[in-house]
Amino acid sequence: MSSGDFSPKAVLVTGGAGFIGSNFVRFVLSNWDDVRVINLDGLTYAGNLENLADVAGDPRYTLEKLDICETEAVIEICRKHGVDSIIHFAAESHVDRSIVGPREFVRTNVDGTLSLLQAARSCGDLRFLQIGTDEVYGSLGPTGQFTETTPLDPHSPYSASKAAADHLVSAFGTTYGLPVLITRCSNNYGPYQFPEKMIPLMINNARQDKPLPVYGDGANVRDWIYVEDHCRALWTVLINGQPGRVYNIGGNSERANLDVVKTILRHLGKPESLITFVKDRPGHDFRYAIDSSRIHKELGWEPAVDFDTGLKHTIQWYLNHLDWLDHIVTGAYQKYYEEMYAGR
Ligand code: NAD
Ligand code: TYD
C-alpha cells in the first residue's frame, strides 16, 4: 500500500478493543512496520482484550486503559507516546441500548469526543479522524443514497449523539484550524463483532437452535461492508484525506434483514422455522444506502469483499472461535438479552 501526504508514526486509536477498532489495530500493525499504535480504551462491556490477544506482545503496540472523557490523562498519554494522530472509534455503538439508556451515549459520544478534540489541540494540533456513521443522515425510502451533503437528520439517541460529535469535530476544524477528517460508514460485519449486533447475534442464536428475532417484517435494508474494507478506507483517509472534509464509506451491498437472516441459516444448515418476527424497534430507520463516489474519485478506494464471500468468511470465523463467543454470551450478556428481547 502506498504512503500518502501524511505519514503517521504514532497513532492513538480510541476504542481499539472493540469490533472495528481491534480490526483496525491489527490492520495497521500487519501493514506498516514503522507505525506504533497506542490503544486508548476504557474497556466497557464492548471492549474485549481477547480481540487483540495476537498483537498484545508486539513492541509497537501499547494499551492505555482510560475513559476518553479524562482529558488531562489523555493529554499526558499523547505526550508520553509522541502521538501524531488520533483515530477516534470509542463510542457507545448500539442503537437498541441507546433507546433504553441514552445518557451514556451523550457522555461517551459527545463529551468524550469533545475531550479528545481538546487533547488534540493541547498536543500541537494532532490530525483527528472521527469515525462516524451513515445513521446520522436518517432514513431513506426505497430509492436514493446518502451523499456527504445530505442534511443530518438522526433518529435514534445513538445517531443523535454521533451527529452531535460530528458537528463538534467540524467546529474544531473551522474555529481552531484543527486538521479534522470525518468518515461516515454503513453497517460493518466481520470477525470480533459483539453479538448484540444483528449478524453475530443471528449466528450465535442459530448455532444454539434458538429463535432468530427479526424486527418488524424484516424488510429494513442495510448496506453491509466487510470490516477490513472499512479499515483500509480509514487508513486511506488518514494519510490522503483533505482536512475539513467528510468521506462516506459504503459496501455497495444492500440487503433486506430477512434475506441476511435466511442466508445465515442456509450457511449453517438450520431451518427457517427458527425465524421469529418480534415487535419492531421504535423509530426503526427503514433503509440506509451510501454514495461512496467521493472517496472513490478523490482517494481511489472501493470495497473489495463482496457480501456473500464476506458473510461466509464471517460465519466460519465465529464457528472457529466458539470460545470467544461463549466467553461473551455466558456473562452479563444473558441478562442483557433477556431484558432486551423479553415480551417482544
Ligand atoms: P464497539 O461497541 O464494538 O466498541 C466500542 C469500543 O469503545 C469498546 O472497546 C469500548 O470499550 C470503547 N469505549 C466505549 N466507551 C468508552 C469510553 N468512554 N472511553 C474509552 N473507551 C470507550 O463499537 P464498533 O462497532 O467497533 O464501532 C466503532 C466506531 O465505529 C463507533 O464510533 C461507531 O459509532 C462507528 N461505526 C460503527 C459501525 C458498525 O457497523 N459497527 C458503522 C459505522 C460507524
Ligand atoms: P444492528 O446490527 O443493530 O445495526 P443498526 O441498527 O446500527 O443498523 O441492526 C441491523 C438491522 O437488523 C436493523 O435494521 C435492526 C435489525 N435487527 C433485527 O432485526 N433483530 C435484531 O435482533 C437486531 C439486533 C437487529
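The values are calculated or read from the model by the stated rules, or taken from the named source; none is laboratory data. These figures come from a predicted structure and were not determined experimentally. Methodologically, a virtual Cβ is constructed for each residue, glycine included, from the backbone with ideal geometry; neighbour enumeration extends over all protein chains shown. Accessible surface is based on the protein model in full, side chains and every heavy atom, while ligands, DNA and RNA are left aside. Shrake-Rupley method; radii C 1.70, N 1.55, O 1.52, S 1.80 Å.
In region 193-235, which residues are away from ligand 2 (no atom under 11 Å from the Cβ) and open to solvent by less than 20 Å² (accessible area, probe 1.4 Å)? Break it down into steps so the answer makes sense when it comes.
At the first step, the residues of region 193-235 found to be away from ligand 2 (no atom under 11 Å from the Cβ) are 203, 206-210, 225-235.
Listed by number, the residues that qualify are ILE203, ALA206, ILE225, TYR226, VAL227, ASP229, HIS230, CYS231, ALA233, LEU234, TRP235.
State the number of residues belonging to region 111-143 that are open to solvent by less than 40 Å² (accessible area, probe 1.4 Å) and of a type outside the set (Phe, Trp, Tyr).
Applying the first criterion (open to solvent by less than 40 Å² (accessible area, probe 1.4 Å)) to region 111-143 yields 112-113, 115-117, 119-120, 123, 126-138, 140-141.
Next, only the ones that are of a type outside the set (Phe, Trp, Tyr) stay: 112-113, 115-117, 119-120, 123, 126-127, 129-136, 138, 140-141.
Count: 21.
At least 1 residues that are within 16 Å of ligand 2 (Cβ to nearest atom) and open to solvent by less than 80 Å² (accessible area, probe 1.4 Å) in each: list the helices (runs of 4 or more DSSP H) lying fully within region 281-331 that qualify.
Per the criteria, 307-320, 322-329.
For region 158-167, name all the residues that are more than 16 Å from the chain's Cα centre (by Cα) and buried (at least 18 other Cβ atoms within 10 Å of the Cβ).
If the condition is that a residue be more than 16 Å from the chain's Cα centre (by Cα) and buried (at least 18 other Cβ atoms within 10 Å of the Cβ), then ALA164 is the only one that fits.
A quick yes/no check of all residues on (1) without any contact (Cβ under 8 Å) to a residue 12 or more places away in the chain; (2) under 20 Å from GLU302 (Cα atoms):
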position: PRO8; (1), (2): no, no
position: VAL13; (1), (2): no, no
position: GLY16; (1), (2): no, no
position: VAL28; (1), (2): no, yes
position: VAL35; (1), (2): no, no
position: ALA53; (1), (2): yes, no
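Results for (1) out of contact with any His (no Cβ under 7 Å at 6 or more places or on another chain); (2) among the β-branched types (Val, Ile, Thr); (3) without any contact (Cβ under 8 Å) to a residue 60 or more places away in the chain, shown as yes or no for each residue.
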{"residue": "LEU268", "(1), (2), (3)": "yes, no, no"}
{"residue": "PRO271", "(1), (2), (3)": "yes, no, yes"}
{"residue": "ARG294", "(1), (2), (3)": "yes, no, no"}
{"residue": "LYS297", "(1), (2), (3)": "yes, no, yes"}
{"residue": "LYS312", "(1), (2), (3)": "no, no, yes"}
{"residue": "HIS321", "(1), (2), (3)": "yes, no, no"}
{"residue": "TYR333", "(1), (2), (3)": "yes, no, no"}
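Could you grab me the full set of residues in region 176-209 that are among the aliphatic types (A, V, I, L, M) and within 16 Å of HIS327 (Cα to Cα)?
Once the filter is applied, which keeps residues that are among the aliphatic types (A, V, I, L, M) and within 16 Å of HIS327 (Cα to Cα), region 176-209 yields LEU201, ILE203.
Is it true that PHE89 is within 16 Å of ligand 2 (Cβ to nearest atom) and within 21 Å of PRO243 (Cα to Cα)?
Numbers: within 16 Å of ligand 2 (Cβ to nearest atom): yes; within 21 Å of PRO243 (Cα to Cα): yes.
Yes: the conditions hold for PHE89.
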